[in-house]
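Have a look at the structure below before the remarks.
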Amino acid sequence: MAREKIYQEEVFPSPFMQLWLIFRKTPTAMIGFVCFIFLILLAVFAPFLAPYSPVEGHLDMVLLPPAWHDNGNVSFLLGTDELGRDMLSRLMYGASLTFGLSFVVVIISLIIGVIIGSLSALTKGVKSSFLNHFLDVILSIPSLLLAIVIVAILGPGISNTVWAIVMVLIPQFIHITRYAVKEEFRKDYVLASRLDGASSFRVLYYSVFPNIVERLMSQATLAQSAAILDIATLGFLGLGAQIPLPEWGAILANGLERFYIAPWTVYLPGLSILFAVVATNLVGEGIRHALKLRKES
């Protein structure tokens with residue numbers, strides 16, 4: 001019996017395992033996945049890995065170039081800023097604020113959006129029509145513009161930035177969850193479950209959710225790349241994290257005044273933002289590619 005069970009698991013892997021087996025065959029997706037995991041670990045363990053404090057300066061090491069420059073110092077691998085703060089430490093801590101917060105924002109938005117989207121998919125009539133039109137209006141507004149408006153109302157700061165982006169992303173998850181659940185409820189297996197006496201919530205939890213989790217994961221990667229850019233942009237505009245917080249967008253904006261004498265204070269945080277967005281997009285593209293191949297097979 002045990003051998004038969006193992007054989008069945010090998011021959012009929014779960015939908016998630018099928019997705020992973022296809023995903024890992026794509027080199028670019030795996031590169032993005034490794035970079036994505038690296039950023040998560042960096043965001044979590046930055047306080048233990050950073051060589052210096054991100055806010056304390058070294059007045060005898062002001063505007064020190066990176067170590068590969070002629071005047072560089074190996075003690076400060078990526079140089080220092082105008083107050084002698086170590087750029088490497090600030091960028092490592094910045095991973096927690098820019099990438100780490102974007103990850104948390106997406107998780108919160110995903111949970112709220114899935115709950116509301118699932119409940120709305122079960123409603124009909126005026127309520128369903130009103131929600132549908134409301135989502136169309138919200139989704140027609142660029143997410144960054146909507147986030148700027150919300151932060152302008154709430155006030156600048158990293159906490160208000162988080163809530164603003166959460167409010168911007170929730171409608172996206174409501175829309176995709178509502179559409180996916182309605183699509184699944186039209187299929188035969190849901191009808192069979194209903195004829196067997198299962199309630200709508202039981203069908204939703206045990207049958208529908210396992211079939212839409214991959215689409216939610218794909219949408220989550222898109223949402224996270226947007227969240228990274230939104231957090232960095234709001235920090236760059238002075239509406240998000242405030243200096244001396246080492247958020248990548250705020251670091252980039254702070255270094256613009258000294259771009260010609262200390263360009264590393266600009267291109268290093270810029271490259272960090274680019275690296276995080278590209279890694280997230282590669283993972284998302286790999287998931288979408290794997291979903292497409294799984295449907296075709």
Who wins for biggest fluctuation among S140, S272, S120 in a Gaussian network model of the chain, springs between alpha carbons below 10 Å? S140
With springs only between Cα atoms under 10 Å, which of L195, L252, L77 fluctuates most in a Gaussian network model of the chain? L195
If you take the C-alpha gyration tensor of the chain, multiply each eigenvalue by 5 and take the square root, what semi-axes do you get, largest first, in whole Å? 43, 25, 14
Is there a quick way to get the dipole size of region 213-297? I mean about its Cα centre, with the Cβ of Lys and Arg at +1 and of Asp and Glu at -1; what is the value in debye to the nearest 20? 320 debye
Using alpha carbons only, how many angstrom separate the centre of region 129-158 from the centre of region 232-285? 23 Å
Compare the Cα positions of P210, I158, I138 along the charge dipole of the chain (+1 at Cβ of Lys, Arg; -1 at Cβ of Asp, Glu; about the Cα centre) and return the one farthest towards the positive end. P210
Return one whole number: the accessible area per residue of the chain in Å², for a 1.4 Å probe. 54 Å²
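If you average the sequence gap of Cα pairs under 8 Å that are 6 or more apart and divide by the length of the chain, what percent do you get for the contact order?
Relative contact order comes out at 25 percent.
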Which of V137, V55, V283 ends up with the largest GNM mean-square fluctuation for the chain, with Cα atoms connected below 10 Å? V137
Tally up the carbon and sulfur contribution to the accessible surface of region 77-181 as a whole percent, 1.4 Å probe, everything protein left in place. 79 percent
Using only the Cα atoms of region 188-263, what semi-axes does the equivalent ellipsoid have when each is the square root of 5 times a gyration tensor eigenvalue? Give whole Å, largest first. 50, 11, 7
Have a look at L83, A223, N73 and report the one farthest towards the positive end of the charge dipole of the chain, computed about the Cα centre with Cβ charges (Lys/Arg +1, Asp/Glu -1). A223
Between region 43-80 and region 196-215, the alpha-carbon center distance in angstrom: 51 Å
Explain nothing, just the number: dipole magnitude of the chain about its Cα centre with +1 on each Lys and Arg Cβ and -1 on each Asp and Glu Cβ, in debye rounded to the nearest 20. 1320 debye
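The values are calculated or read from the model by the stated rules, or taken from the named source; none is laboratory data. Given the structure is predicted, the values throughout are model-derived calculations rather than measurements. Counting neighbours? That spans all protein chains shown, and the Cβs are built from the backbone with ideal geometry, glycine included. Note: accessible area is taken over every heavy atom of the protein model, side chains too, but ligands, DNA and RNA are not part of it. Shrake-Rupley method; radii C 1.70, N 1.55, O 1.52, S 1.80 Å.
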